[in-house]
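Undergrad: One structure, pasted below without further comment.
The values are calculated or read from the model by the stated rules, or taken from the named source; none is laboratory data. Quick caveat, the model's predicted, so the values are computed rather than measured. Every residue, glycine among them, receives a Cβ derived from its backbone with ideal geometry; neighbour counts consider all protein chains shown.
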């Protein structure tokens, strides 16, 4: 009997990809019910699902738990009666990610899949890996928080923009790319891995935010290790994510600046040099060799070095040549809004405006900026704008305000709800109602060569 085939399934959470899973289960001859626990479905969406054969519930009371063979959940209160009833009745409860992994594992054929999760660095690492794979001659599907596209022969084919990185959208990306002959697929995933990956990577957990059914970010992203059985797990050794190795069935490759194991750094200056030792690949080989690369000047900060080490580790795990991967990394120009530096009319502008920016990332960039003050720049300007809530993370404004007060930042510019909240918490700075790059540069004119850091989660 095939899993998730010819069964009665309840899909919980229509807000984070449940509709996509419902439609895939219908293709597998399942009887599908949907529970819109967040009540976000519009009437036309309910009507569309109903016409396809899905029975939609918006209230737990109408559900007859004993009728289901499996319950598939993403974001939901684990204290709901339906979950305790299911456990008493012996009905399996699995995550959206696990369901997607079961389906994709049957669809993938010879396609090599990379899945990347974490709270920081996912998008940059995914794009860096995709460049390495494309440079090696591969046709690559990449689905990240910016878009879904195919890279082939140095060309880019846009399939969609704005799809979230919830696990269910791995299925959507697959369907969108059906007409392409692909060698690799690289998926950025918000909550863990699906289990369908040949290589699964955790770039680190720097903000352990609440994550509903799985309680917190650590447990949700731990699904990367739990769901995958036969692949290679790539872990950031400088972060608690390295502990995922103890819950993983297969082999792990750990990278890091300070605590790398299979990919270790010996020197991290303008040029990054290190050694690959005992690295396991998907073909069963073991790689031992030195490595060296120099990051493009657009990539700002220590996190970018970790991103590059992660990308190198993933590529090597896929049996690509380390020297060729390093050459591709040197040609990588960065991703918009991900600690991307560019020369301004006066000084350097570092853009950290993306929907997933969090407190730890902000403070890391600020600390690195402070280290180069005096030698390369004469003033540090930090700009905070947007909401006090990111996509999954609530920005810890209390912690951020306390940490900002400890640091000698020459000028703080505040705007939007986040800026207003920081001002209420005692952060002293210039408040700007309508923020623009020109306005920031005008405020920074007191310095000859400032380093301007823009933090916003409304990109």
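Undergrad: Checking the condition within 29 Å of residue 228 (Cβ to Cβ), out of contact with any strand residue (DSSP E or B) (no Cβ under 9 Å at 6 or more places or on another chain) and not assigned by TED's automatic domain parsing to the domain that holds residue 230, which residue from 84, 48 passes? Spell out how you get there, then give the answer.
TA: On the way: 48 fails: within 29 Å of residue 228 (Cβ to Cβ).
The match here is 84.
Undergrad: Any residue at all in the range 421-428 that is under 13 Å from residue 381 (Cβ atoms) and surrounded by 20 or more Cβ atoms within 10 Å (Cβ to Cβ)? If you could, list the steps in order and put the result at the bottom.
TA: Step one: of the range 421-428, the residues under 13 Å from residue 381 (Cβ atoms) are none.
No: the range 421-428 contains no residue that is under 13 Å from residue 381 (Cβ atoms) and surrounded by 20 or more Cβ atoms within 10 Å (Cβ to Cβ).
Undergrad: With respect to the numbered conditions (1) assigned by TED's automatic domain parsing to the domain that holds residue 448; (2) crowded, with 21+ Cβ neighbours inside 10 Å; (3) within 24 Å of residue 114 (Cβ to Cβ), which one is the sole condition not fulfilled by residue 307?
TA: Condition not satisfied by residue 307: (1).
Undergrad: With the requirement that a residue be crowded, with 17+ Cβ neighbours inside 10 Å and more than 19 Å from residue 98 (Cα to Cα), what does the range 61-77 give you? Talk me through it step by step, then tell me what you get.
TA: Keep residues of the range 61-77 that are crowded, with 17+ Cβ neighbours inside 10 Å, which gives 63, 65, 68, 70-76.
Correct list: 63, 65.
Undergrad: Check the range 349-358 and report whether any residue there is under 21 Å from the mean Cα position of the chain (by Cα), under 16 Å from residue 407 (Cβ atoms) and surrounded by 20 or more Cβ atoms within 10 Å (Cβ to Cβ).
TA: The first filter runs over the range 349-358 and keeps only residues under 21 Å from the mean Cα position of the chain (by Cα), leaving 350-358.
From the residues that got through so far, the ones that are under 16 Å from residue 407 (Cβ atoms) too are 350, 352.
Next cut, surrounded by 20 or more Cβ atoms within 10 Å (Cβ to Cβ) only: 350, 352.
There is at least one residue in the range 349-358 that is under 21 Å from the mean Cα position of the chain (by Cα), under 16 Å from residue 407 (Cβ atoms) and surrounded by 20 or more Cβ atoms within 10 Å (Cβ to Cβ).
Undergrad: Does the range 216-234 include one or more residues that are at pLDDT 90 or above, over 25 Å from residue 395 (Cα atoms), buried (at least 21 other Cβ atoms within 10 Å of the Cβ) and more than 17 Å from the chain's Cα centre (by Cα)?
TA: The first filter runs over the range 216-234 and keeps only residues at pLDDT 90 or above, leaving 231-234.
The next check asks that each one be over 25 Å from residue 395 (Cα atoms); those that pass are 231-234.
Add one more test, that the residue is buried (at least 21 other Cβ atoms within 10 Å of the Cβ), and what stays is 231-234.
Filter once more, so that each one left must be more than 17 Å from the chain's Cα centre (by Cα): 231-232.
Yes.
Residues are listed down the side, and each one gets a yes or a no for (1) closer than 28 Å to residue 362 by Cβ; (2) surrounded by fewer than 15 Cβ atoms within 10 Å (Cβ to Cβ); (3) in contact with a helix residue (DSSP H, G or I) (Cβ under 8 Å, 6 or more places away or on another chain):
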position: 271; (1), (2), (3): yes, yes, no
position: 318; (1), (2), (3): no, no, yes
position: 328; (1), (2), (3): no, no, yes
position: 341; (1), (2), (3): yes, no, no
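This table checks each residue for (1) in contact with a helix residue (DSSP H, G or I) (Cβ under 9 Å, 6 or more places away or on another chain); (2) closer than 20 Å to residue 346 by Cβ; (3) in the same structural domain as residue 349 (by TED's automatic domain parsing).
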position: 418; (1), (2), (3): yes, no, yes
position: 431; (1), (2), (3): yes, no, yes
position: 434; (1), (2), (3): no, no, yes
position: 439; (1), (2), (3): no, yes, yes
position: 443; (1), (2), (3): no, yes, yes
position: 448; (1), (2), (3): no, yes, yes
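Undergrad: Another question, then. For the range 60-69, indicate whether the set of residues that are outside the structural domain of residue 192 (by TED's automatic domain parsing), within 21 Å of residue 168 (Cα to Cα) and not in a loop (DSSP other than H, G, I, E, B) is non-empty. Talk me through it step by step, then tell me what you get.
TA: Quick first cut of the range 60-69, residues outside the structural domain of residue 192 (by TED's automatic domain parsing) only: 60-69.
Of the ones still in play, those that are also within 21 Å of residue 168 (Cα to Cα) are 68-69.
This time we only want the ones that are not in a loop (DSSP other than H, G, I, E, B), so: none.
Among the residues of the range 60-69, not one is outside the structural domain of residue 192 (by TED's automatic domain parsing), within 21 Å of residue 168 (Cα to Cα) and not in a loop (DSSP other than H, G, I, E, B), which makes the answer no.
Undergrad: Also, I was wondering about something else. Consider the range 241-293. How many of its residues are part of a loop (DSSP other than H, G, I, E, B) and either closer than 17 Å to residue 305 by Cβ or at pLDDT 95 or above (or both)?
TA: We begin by selecting, within the range 241-293, every residue part of a loop (DSSP other than H, G, I, E, B); these are 248-250, 257-262, 269-271, 281-285.
Next cut, either closer than 17 Å to residue 305 by Cβ or at pLDDT 95 or above (or both) only: 257-262, 269-271, 281-285.
Of the residues in the range 241-293, 14 are part of a loop (DSSP other than H, G, I, E, B) and either closer than 17 Å to residue 305 by Cβ or at pLDDT 95 or above (or both).
Undergrad: Next question, about the same structure. Can you name every residue in the range 102-125 that is in contact with a helix residue (DSSP H, G or I) (Cβ under 8 Å, 6 or more places away or on another chain), in a helix (DSSP H, G or I) and modelled with pLDDT under 95?
TA: Hit for the range 102-125 is 107, nothing else.
Residues checked against (1) more than 16 Å from residue 320 (Cα to Cα); (2) in contact with a strand residue (DSSP E or B) (Cβ under 8 Å, 6 or more places away or on another chain):
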| residue | (1), (2) |
| --- | --- |
| 128 | no, no |
| 133 | no, yes |
| 137 | no, no |
| 140 | no, yes |
| 149 | yes, yes |
| 155 | yes, no |
| 161 | yes, yes |
| 164 | yes, no |
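Undergrad: Right, something else. Looking at (1) more than 24 Å from residue 174 (Cα to Cα); (2) not in a loop (DSSP other than H, G, I, E, B), which is the one condition that is false for residue 37?
TA: For residue 37, the exception is condition (2).
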